[in-house]
Structure formats: structure tokens, C-alpha cells
1. One residue is enough: does the stretch B:440-460 have a residue meeting the conditions touching a strand residue (DSSP E or B) at 6+ places or on another chain (Cβ under 8 Å), more than 7 Å from every other protein chain (Cβ to nearest Cβ), of a type outside the set (Ser, Thr, Tyr) and touching a residue at least 12 places away in the same chain (Cβ under 8 Å)?
2. Taking B:Leu78 as meeting all but one of (1) within 42 Å of the chain's Cα centre (by Cα); (2) touching a residue at least 60 places away in the same chain (Cβ under 8 Å), write down the number of the exception.
3. In the list B:Ala354, B:Ala359, B:Ala390, which residue meets the criterion of being in contact (Cβ under 8 Å) with a residue 60 or more places away in the chain, more than 14 Å from every other protein chain (Cβ to nearest Cβ), of a type in the set (A, V, I, L, M) and out of contact with any Leu (no Cβ under 7 Å at 6 or more places or on another chain)?
4. Any idea which of (1) within 15 Å of the chain's Cα centre (by Cα); (2) touching a residue at least 12 places away in the same chain (Cβ under 8 Å); (3) closer than 30 Å to B:Ala419 by Cβ is the one A:Arg71 doesn't satisfy?
5. Filter the stretch A:10-24 for residues that are assigned to a helix (DSSP H, G or I), of a type in the set (Gly, Ala, Ser) and either out of contact with any helix residue (DSSP H, G or I) (no Cβ under 7 Å at 6 or more places or on another chain) or more than 9 Å from chain B (Cβ to nearest Cβ) (or both) and give the result.
6. I need the full set of residues from the stretch B:394-423 which are touching a helix residue (DSSP H, G or I) at 6+ places or on another chain (Cβ under 7 Å) and either more than 10 Å from chain A (Cβ to nearest Cβ) or part of a loop (DSSP other than H, G, I, E, B) (or both), in order please.
7. Six or more apart or on different chains, Cβ under 9 Å: which pairs go from a residue in the stretch B:19-32 that's in the same structural domain as B:Tyr238 (by TED's automatic domain parsing) and among the hydroxyl-bearing types (Ser, Thr, Tyr) to one that's assigned to a helix (DSSP H, G or I) and loosely packed, with under 14 Cβ neighbours inside 10 Å? Could you list them?
Amino acid sequence: MRVVVAEDSVLFREGLVRILGEGGFDVVAQAGDADALHRAVISAKPDVAIVDVRMPPTQTDEGTRAARQIRERHPEVGLLVLSQVVEAKHAMELLSESPEGFGYLLKDRVIEIDDFLEAVRRVGRRGTAIDPEVVAQLFGRRRAQDPLEGLTAREREVLSLMAEGRSNRGICDKLVLSPKTVESHVNNIFTKLRLGPAPDDHRRVLAVLAFLK
Amino acid sequence: MKTLRLVLLAAGLALGVIAYRVQIHNLGVFTTPARASAIVIGAWLFLVAGIVAWSRRPANRLGPLMTAAGIALLLRQLRYSHDGVLFTVFFIVGELSYWVVAHAAFAYPSGRLTDRLERLLIKSGYTITFFFTIAILIFYDGSRPLRFFDRAPRGSLISISGHGEVAVTVQKAFVIVVWGILGVVAIALIVRKLVRATPRARRILAPLLIAAITVGLRAIFESVFTFVERPSAILYEYLFWWQIAAFIALPVALLAGLLRARLARAGVGDLVLELEGTPPQGIRDALSRALDDPTLEVLFWLPERNGFVDAAGRGAELPSVDNRTITTLENAGEPIAALVHDPSLLEEPKLVEAAGAAARLALENARLHAQTRAQLEQVRESRVRIVTTADEERRRIERDIHDGAQQRLVALALQLRSAQRRLMDGSDPEVDRLLAATVNELQVAVEELRELARGVHPAILTEDGLAAALESLVSRTPFPVDLDAAEGRLPAQVEATAYFVACEALANIVKHAGASSAIVRTVRQNGLLVVEVEDDGIGGAIAANGSGLRGLADRVEALGGRFRVESPVNGGTRIVGEIPCAS
């Protein structure tokens, strides 16, 4: 899988490139700012671009704007946005068109290397990776008469992992449950929340996020 | 000077009698006692008005000018004498009298011709008239009567070649050029003067200048009649009385102008009474009425600022434009206040002086008032600056944490994690355990730094504004919060203040209130951003010194807002901040 890394902190970038390399990814280009990122996306045609939200020159939202442009001009490129802080609002804005091939994670998620590499892989396969923190925020926004009240603790856990963009298999691994159990949880959730029949891994993220929103 | 005026007055009165007699005895059917006395009375009015103006305002040249005009108008009548010397001298001098009148009209009210074009008009009037009258007398031989004269011939002392026809023609040309063309120019300049004048000056100028226009029109008609073979006698009769009315109106208008200034000065007496008990803001209005200048501004001198401020204490510059004039009022050599007024008030320095003297005490009072306001304003500005600077500092710290320490810690943890994986051959489980624990600690540290930075100043507040930041805040609060936030961006310090009000209030609820739910609301109304946090907890919160609520109150008040806490025991707590936001 071909990856482009856009990150201005050299130390972090090098660490990132190393674990990606060791994880079997092909890091085809590295960029230190938004312009270099655009050139790299055009010339290297990566499967995934990993982009830091804050980049030079102003260290505010260059990365976000670069990410939006890539989504518009190169929708075939998977995009994984890394940030020091995550906000549900930003996630929803970036997601608003399509969750396919999109990820939004806290930078420190990189430290859990296997989880992180799995997220990169998911984005590269047109899947979704949403930070648990964002999902927690979406849960936290619930008000009185919350339909989520009707879910069991386990079902809530499964719902969170679905919102993160994980597949059934991913959820099995994460919770150490059998595929059959996870499947029945998923079906229960969709029934209880009146979301209709559960669609496949890729599409259900949208349904779940739309519900949580 | 007084003697001179008395002599001139006496001489003018005597001259009036002579002028009357000269007309009656020499003009025959061309005059009547009524006409002759009307002319004399008009001239006397000029004389009297001039003498009065002169004694009231010795420094103003208008008085002498008006006096001269009156005497010149009387002397003009001597030209009708059949005596050759009187005829010759006063035919020449007499025609200049109208220009003295015009001179006085244009010089009103300062007594000086200040405009270049006006000066040019008066100069050419004098010069052209002088040469024309000499030219007429050079050709005059008594064979043809002159315009306005009876048929009896008179002896011109400077007649060189007798061409009565030529004399009459030259006189026609004189009437057309001097009365017609220059009359039109004079009226145009008067209209221009009125148009250009400041409102106050216009009110003063208007009556006089309208009288002057009437005279000018009369002169223009006269020049038109030179083209008419036989003008109607009735029409001439009307024109004569028109002229008389205008000549009487002119000095009357001047007297009225003078009287007006005296009335205004009498009004200063009322000012003293009026200013008693007038609030400082009312002084300007009272002075404006007394000086009859609606544009008047009063600025106060603040020694410690070495500059002027307005009544509200805001710093003000003295204007330096043509249509504003400044009079500084002083007390014992120290400036108290400056009056910024219409330049026409400069013609009445006594009036301004008197008004200033009358208002001195009140002005001094108002100055102290303005001084206090200015100091308050300074304090207010510095409080806003403190809040704004603190916010900027917080934003900077937040970014430094994210881009500095947090970034490095994450990179460090990643490196350790990589190292840990390399060592996963199981050769030294102790090292593996140590590295895992260190990475965990680092992760906790990163998490704590992120929370710290959010508490200092959340990035989303800068990037997306108050509504988004409140939504983020509410979604992290561990109990249900109903949020109703107004959209739209506001100045950074307003957004930050409202955010911290909500943030601190929610934190208090978590810590103390024992509440099951809360409501956060922001509304924009009447130029205020109102932020309101309400819970259903135990109540009894107070904004005492040192508490977080006191800090919030300071913050809101620093921006000129209001902060209140309603927290009856067992009745929940309601915290309301109202922050001005110029919208």
C-alpha cells in the first residue's frame, strides 16, 4: 500500500515513516507543508495520505484545508488526518460528503502501533477510521430521552467501535468475541435504534454517525 | 475720538440741511421737498448708524466707513449747485459716495474687505467712477442737460472742448458700465458671500446683504433705462422710492446687526443663571444658545494628559479647518477649556469673552467632571487590554503546548514503542515491561497536556467560534446539558469571556451543585451577548473574593458587562453574564 506522509515535525515524521515501513507500507513521499503534499499526491499517486492538521506557515488549519482539497480533487486517495486535538464538529465537517477512505485520529494513536496501522490499512481500502474521542463526544452530546439508554453496556461498546469505522472482524479482535456474537450485537443495535437492517461494514459507519449526530 | 465723532455728527447734520437746500434751490421740477428730505434722511441714517457702530466698536472700521458713506451721500447733493466750483468738485466726488456705501456693505461685519474679488470690485468701482466723471466734465459744455440734472447749464471748470453730445454719451456709458455691469458683479458677489457663509454668519449677514441687493438692482435698472428713449415718469417715481427704501434699509440692517450682538451680550446675563444647576453635559447647550452658534463644541483641558478631552472624557483634537475657530478660556494662565465655534463669532470677541467669563465656574466644574470621566475611561481601557492580552497569552500557551511539548512527547513515545518492538525477542522481559510502562506514562502525560491546553484556551474557540466551542464543552460534560447557542462570530475577547463563564459554571456544577442536568444558553440582544447557565442543583453559590465566580465577574465587568449569580439555597443556580459586543 502506497502512503504519503505530510508532517512538519521531523522527529515525529521519521518515527511514523519507520513504523509504516516496518508494517509493510510503501512510503512513497514525505512532505513538510501543504504545497509539497499536493505535489506528492499528484506525482506519487498514493493509496493513503497521512496529513497533520497544523502545518507551516501559520500552524493553524493548513492541514485541514489541504485535506479538503485532496478530497475534492483526488477522491480516490484515502485521507488520514492527524491532530493534537480532535473535535466532533471537525470530524463531521470532513465526513460530510463521504466516509469512504477517510480517517481522523489523535496524533497519539500512533503509539498503539498495530491499531494505528490497521486504521491506515482501513482507510487505504476505502474504509473509515474515526477517533474514539470523537465517538465519545458524540455519545456525550446525548440529551434527555436518549434512545441509547435502551442499549446494554456491551452493545454501546460495539456501537462505539462501529462508529470508529471498524469492521465486524475488527470488533471481534478488539473485544475478544466470536464473530457470531458481534453480528448479533450489531443486529440488536440496529433494531433497537430503528435503523433498519444493518448494511455492510463500509456503509454502516455513515448510518451510525448520522444517528449519533 | 469721541470729539471727532461728535464733530462729524454735527457736521453731517448741518450738511444735511445744506444738501436739502441745494436740491430744492437748484433742481427745480426734478425734485420735491419730500424727495429731497428723503435723500437727506437716508444719508443721515447712515451717518447715525456709523457713529453708533464707531462708538460701540472703536476697533472696527465699519463705523468710520458707514459715517463716511453718510457724509459722502450728503456731499453728493452739492453737485446740483449752479456754482461752477461746487458742481465740478462734487460731481466727481459725489458719484464715489455709492461706492463708499458698497464698500461698507461688503466690509460688514468686520469693517475690512477680506475677499480678493470683493476688494477688486470696490477698487475698480472707485477708479472707474472717478475717471468717468472727469471724462464727462471734460466734454460737458452746458449745451445738453446731464442725466438726473435740470436743464440749467452749469460751468465745468475742467471743460476742455465743448461737446455736449459727447458728455451725454459718456455719461450713458458710465451708467451702463458702473451701475449696470458692476452692479451685476456686486450682486453676484453678495450671493456668493451668502452661499459661502457659515450658518451663523449667514443669519448675521442676511438682512444687510438683502438691502444691498435691492440697491444693486436699482442701479442695474438705471443702466437698462439708458436704452429706453423716454422712460415713464411714474416708473421713475417708483424707482426713486425703491432706492430710498433700500438706502434706509441698509443702515437699519446694520443697526439691527449691532443691536443683535448687544442682545446676545445681554443673553450672557441669563447664561449665569442658566448654568447654575446645569449638569456638565448641559453647559455646551447653554453656551451654544448664548452665543447663537449651534455648531459650538466645548473641549476641556487636562493638564496630566497635556491635551483636550470632550465632556465624556474622550481624547479630542482641536480642529484646524477654515470654518472652525478656537477660543481658549484660561484661568490664572492655565487653560480650562476651548470653545470650537463659528468664525463669525470672532467679530464679537466681547460676547465670547463675556460668555466664557460667565461660564468659567461651570466650565471648571465640567472640566473636573471630564477629567474623572477620562480617568475612568483610561481604567476601563486598561481593563479591556488586560483581558485581551491575557487571552492572547492563553492562545499562545495553548499552541506552544500542542506544537512543542505535546508533539515531542508523542514522538518520544513512538520511538520508545518502536524500540520496544525491536526488543520483543523476549531476551529481557524486564526491559520490555519498563518500556511499556514508560510509553503508558507518556500517553497519560500527553492526555493531560491536551486537557491542560484545552483548559487554558480551547483551539476550537479560536478556529470555529463560541457556539462550536460550547458544543464541544457540553459534549465532554459528564451529565446532560441542554445547549442553545447563538451562531456567528464575535470579537475574540467576547467569545473567550462567554466561553469561560460557561466553562467555569459547568465545572462548578460538576464539583458542587449535585445537579442532574443543566442548561447553557447564549443570546445576542441589544448589542449584548448574554450567556446564561442554569442548573437544578442545591444552590447557595456566591461570587465571593477568590472564588472562580469572582474572577468571572471581574472578567465580564472588565469588558463593560454585568455578571450576576442567582443561587437560592435548594433552588438551583443561575449564572448570567451580559457582555457588550458591538454588533
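The values are calculated or read from the model by the stated rules, or taken from the named source; none is laboratory data. Remember, it's a predicted structure, so these values are computed and weren't measured experimentally. Here the Cβ is made from the backbone with ideal geometry for all residues, glycine too, and neighbour counts use every protein chain on show.
1. Within the stretch B:440-460, not a single residue is touching a strand residue (DSSP E or B) at 6+ places or on another chain (Cβ under 8 Å), more than 7 Å from every other protein chain (Cβ to nearest Cβ), of a type outside the set (Ser, Thr, Tyr) and touching a residue at least 12 places away in the same chain (Cβ under 8 Å).
2. The single condition B:Leu78 does not satisfy is (1).
3. Result: B:Ala354 is the single residue among B:Ala354, B:Ala359, B:Ala390 that is in contact (Cβ under 8 Å) with a residue 60 or more places away in the chain, more than 14 Å from every other protein chain (Cβ to nearest Cβ), of a type in the set (A, V, I, L, M) and out of contact with any Leu (no Cβ under 7 Å at 6 or more places or on another chain).
4. Failed condition: (3).
5. Of everything in the stretch A:10-24, just one residue is assigned to a helix (DSSP H, G or I), of a type in the set (Gly, Ala, Ser) and either out of contact with any helix residue (DSSP H, G or I) (no Cβ under 7 Å at 6 or more places or on another chain) or more than 9 Å from chain B (Cβ to nearest Cβ) (or both), namely A:Gly21.
6. Within the stretch B:394-423, B:Arg394, B:Arg395, B:Ile397, B:Ala405, B:Ala419, B:Leu423 qualify.
7. Listed pairs, sorted by first residue: B:Tyr20/B:Pro33.
Residue-by-condition table, conditions (1) more than 21 Å from B:Gln406 (Cβ to Cβ); (2) under 17 Å from the mean Cα position of the chain (by Cα); (3) of a type in the set (D, E, K, R):
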{"position": "A:Asp8", "(1), (2), (3)": "no, no, yes"}
{"position": "A:Leu16", "(1), (2), (3)": "no, yes, no"}
{"position": "A:Gly21", "(1), (2), (3)": "yes, no, no"}
{"position": "A:Arg54", "(1), (2), (3)": "no, no, yes"}
{"position": "A:Glu62", "(1), (2), (3)": "no, no, yes"}
